[in-house]
Amino acid sequence: MTDPVAERIETAVGRVMDPELRRPLSELDMVRGAETTETSATVRIVLTIVGCPAANRIEQDVREAAQSEAGEREVHVDVGVMTPAERTALTEKLRGPAKRNPFGADSLTRVIAVTSGKGGVGKSTLTANLAVALARRGLSVGLIDADVHGFSIPQLLGLVSDGEAPSPTQVGDMILPPIAHDVKTISIGMFLKQSDGSTPGAVMWRGPMLHRTLQQFLTDVFFGDLDILLLDMPPGTGDIAISAGHLLPGAEVLVVTTPQPAASDVAIRSGLVARQVGQRVLGVVENMSAMVMPDGSTMDLFGSGGGAEVALALGEGAELLGSVPLSPTLRADGDAGTPSVIAHPEDPSSQAITALAERIASSGRGLAGRKLPVSTR
């Protein structure tokens, strides 16, 4: 005979979301049944790996879901672990039987590479805050820290604790990116340790290793279905920029500069290289523009007009999408690991980044020439 209470418990538990995979447990084949007696209810689940970092949260959510249908019965949660064969089946179910780059030319995910000609223009701070602002609009957002030599995204998103970024969970050969402020994030800083196991070490890699790193971020990391994937690119027009062009031919490029000519002249080159590898320049952002003073006046600490000059030089619709004012608050929040768009949304820099996110989200992306996953059959 069927047990209606056990069935309701199993259904409720199946709706619990895995916090890393962002899928219900039933879809992930992690629920193995439920049984009840007059005084108790037992539900059986399996985790993906031994030592799963989300184990406590999953068990708590499962217990609460089961209790909602168990009434006065005492709930017991029996937690097991998937077999290697079950993990392989799960990874194939999520990303297919073979490794592939899901963000290739026919991807429906909008890929935006945030680039600059030189370092020190605040590109990473802008990228981190832009990712969070887009996620706060309800979009599914991923972020790749492609600046392998100068990675900083984990710190800017508050993922660093005691000088160490979290190690991503691995299910077989599939990597699950840590999530911060609803942004799925991956960085080489999450894999590096000093010899004493403390703070992340330095990276001393040449072109082939840099290319392979970006390729693995695209093929081995399971981002799931994304609306937008942002790449925090390294300064300049070197190996990563070329690799991104080959691996992400449908990507758009957001060029970041400061107002001063020394930065804007170099920023133009990154836009030109993007076009040479087949990518489209989405637009230009002028960072560290006129700072708003306490009395409401402004101060052009780095001059003015650099963003407009870059947009004019790049032409072909590469308009100036926004100017983000120089802000001590934005800097302090970055050091603290809390995006300003959340911590201080009223700050002029936060308002400018939020407006930029709204403009990017509303602009959409053309699908001409792309294969859509539909069939007339």
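Considering only segment 230-245, I want to know if a residue exists there that is outside any helix (DSSP H, G or I) and over 29 Å from residue 264 (Cβ atoms). Taking every residue of segment 230-245 in turn, none turns out to be outside any helix (DSSP H, G or I) and over 29 Å from residue 264 (Cβ atoms). Evaluate the following for residue 310: is it of a type in the set (A, V, I, L, M, F, W, C) and within 30 Å of residue 181 (Cα to Cα)? It is false that residue 310 is of a type in the set (A, V, I, L, M, F, W, C) and within 30 Å of residue 181 (Cα to Cα). The set of residues from segment 301-310 being part of a helix (DSSP H, G or I) and over 12 Å from residue 256 (Cβ atoms) comprises 308, 309.
Scanning segment 60-111 for residues that are among the basic types (Lys, Arg) and out of contact with any Phe, Trp or Tyr (no Cβ under 9 Å at 6 or more places or on another chain) yields 63, 73, 87, 93, 99, 100, 110. For residue 54, the test of being touching an Asp or Glu at 6+ places or on another chain (Cβ under 9 Å), of a type outside the set (Phe, Trp, Tyr), surrounded by 14 or more Cβ atoms within 10 Å (Cβ to Cβ) and at pLDDT 95 or above is failed.
Here residue 208 clears all of (1) part of a helix (DSSP H, G or I); (2) in contact (Cβ under 8 Å) with a residue 12 or more places away in the chain except the condition numbered (2). Within segment 129-168, being buried (at least 24 other Cβ atoms within 10 Å of the Cβ) and among the polar types (S, T, N, Q) holds for one residue alone: 129.
When restricted to residues that are under 17 Å from residue 112 (Cα atoms) and surrounded by fewer than 18 Cβ atoms within 10 Å (Cβ to Cβ), segment 246-267 contains 2.
Just need a number here: residues in segment 259-293 that are under 19 Å from residue 247 (Cβ atoms) and in contact with an Asp or Glu (Cβ under 9 Å, 6 or more places away or on another chain). Going through segment 259-293 one residue at a time, the tally reaches 6. Set side by side, the residues 243, 270 differ, and just one is buried (at least 24 other Cβ atoms within 10 Å of the Cβ) and hydroxyl-bearing (Ser, Thr, Tyr), which is 270. Residues that are over 25 Å from the mean Cα position of the chain (by Cα), touching a residue at least 40 places away in the same chain (Cβ under 8 Å) and under 25 Å from residue 172 (Cα atoms) within segment 6-29 comprise 13, 29, listed in sequence order. Kindly check whether there is at least one residue in segment 38-47 that is outside any loop (DSSP other than H, G, I, E, B) and within 22 Å of residue 167 (Cα to Cα). For segment 38-47, residues outside any loop (DSSP other than H, G, I, E, B) and within 22 Å of residue 167 (Cα to Cα): present. Within the bounds of segment 57-73, is there any residue that is on the phi < 0 side of the Ramachandran plot, among the β-branched types (Val, Ile, Thr) and part of a loop (DSSP other than H, G, I, E, B)? No, segment 57-73 contains no residue that is on the phi < 0 side of the Ramachandran plot, among the β-branched types (Val, Ile, Thr) and part of a loop (DSSP other than H, G, I, E, B). Starting from residues that are of a type in the set (S, T, N, Q) and surrounded by 17 or more Cβ atoms within 10 Å (Cβ to Cβ), keep the ones in segment 329-343 and report whichever is nearest to residue 154 (Cα to Cα). Looking at residues that are of a type in the set (S, T, N, Q) and surrounded by 17 or more Cβ atoms within 10 Å (Cβ to Cβ), I get 338. Only residues that are within 30 Å of residue 350 (Cβ to Cβ) and not hydrophobic (A, V, I, L, M, F, W, C) were counted in segment 81-106, giving 0.
The values are calculated or read from the model by the stated rules, or taken from the named source; none is laboratory data. Note that the structure is a prediction, hence the values are computed from the model and not measured. Glycine also receives a Cβ, built like all others from the backbone with ideal geometry; neighbour counts cover every protein chain displayed.
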